[in-house]
Structures are given as structure tokens and as C-alpha cells.
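K.L.:
I am attaching a structure below and will ask some questions about it afterwards.
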């Protein structure tokens with residue numbers, strides 16, 4: 001990549017990072033304040049849940065904006081490190097150059113468009129038919145055998161652990177099932 005373009009992208013990344021940091025420093029989002037301070041209500045406990053729905057929605061939306069700002073700042077920092085290392089503009093997967101049109105729009109892009117599409121399709125296939133909640137839940141509540149990986153690069157994951165436990169159960173035998181005890185057997189034990 002030409003040195004002039006690198007300087008342009010570095011400037012874009014620094015400006016983007018500064019904008020997002022300024023947004024995080026701004027406390028007008030209302031996070032950390034009690035709902036009763038934002039409304040004229042003395043308490044939110046005695047009200048119907050629908051009465052505070054808007055306030056709850058706005059707080060969640062603001063939290064989402066803050067999380068996105070933190071993500072973009074982290075990505076911009078990584079891109080700035082890549083500029084210093086001389087690896088900026090290279091796809092992390094296929095190691096080919098990322099198109100300048102893509103970097104103009106997303107200066108912190110990690111993947112070229114073809115690799116991005118490939119990973120997006122893999123993620124969509126993995127999540128097909130699964131509840132949306134699983135995207136944010138982590139083990140023990142989420143699917144532990146997925147291990148947040150789009151590739152099968154995990155050496156020993158939750159699925160492997162389950163298979164090992166299952167082998168142990170098969171080799172040790174099972175405890176007698178309570179459902180298989182008849183009423184007669186149960187009465188004889190009580191006598």
C-alpha cells in the first residue's frame with residue numbers, strides 16, 4: 001500500500017477513535033442513573049411494567065451504543081498497530097490485500113470481502129434454527145460444544161468432554177432406573 005494512503009487511513013482511524021472516545025466520555029446517555037431520576041415517578045416498583053418500558057428500552061439502546069463504541073475503539077487500536085507493524089490492509093485469513101474501497105468505508109476491516117462473506121455464511125449455517133439467546137449466552141448456559149469458533153480449530157471442547165463422560169458412563173454401567181422398579185418390588189422392599 002502506498003505511504004500516502006497509509007497516512008490517510010491512519011488519520012481516519014485516529015479521528016474515528018477520538019470520536020468514539022468522546023462519545024463514551026459523554027454522560028448524557030443516562031447510564032448509571034436510577035429510573036426514578038429520569039422520570040417523575042417516585043418508584044418504579046409499584047407501577048405496571050409497561051409504564052417503564054420506554055425508559056428500559058432507552059437504557060438498553062444506550063448500553064448497546066456504548067458497547068459498539070468500545071468495540072470500534074478496540075478495532076481501531078488493532079488497525080493502528082497493524083499500520084505500525086506493516087501488516088495493515090492484509091486479510092487476516094487469506095493474507096491477500098483488502099480492497100481500498102472496503103478500507104475507505106471500514107478502515108478497521110480485518111478480512112477481505114470474500115473471506116467476510118465466507119465466515120458470515122458459516123456463522124449463519126451454524127446458527128440456523130437455534131434460539132437467538134444462544135448468541136449471547138456462554139457456557140454453562142450456552143452451547144458449550146460451539147466454543148465461539150467458526151472453524152474446527154478447538155482441540156478439546158465441550159462436545160469432546162461430553163463424549164468422554166458418555167464413554168465413562170458406558171463402561172461403568174448405569175444405576176438401576178427408578179422407573180423400572182415395579183410396585184411389587186417396591187412393596188417387598190418396604191416389608
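K.L.:
So, in the range 4-32, exactly how many residues are at pLDDT 85 or above and loosely packed, with under 10 Cβ neighbours inside 10 Å?
P.N.:
1
K.L.:
Report every pair of residues separated by at least 6 positions or lying on different chains whose Cβ atoms are under 6 Å apart, first residue within the range 50-63 and under 15 Å from residue 26 (Cα atoms), second in a helix (DSSP H, G or I).
P.N.:
No pair meets every condition.
The values are calculated or read from the model by the stated rules, or taken from the named source; none is laboratory data. All of these numbers come straight from a predicted model, not from anything done at the bench. Cβ: placed from backbone, ideal geometry, glycine included. Neighbour counts: every protein chain shown.
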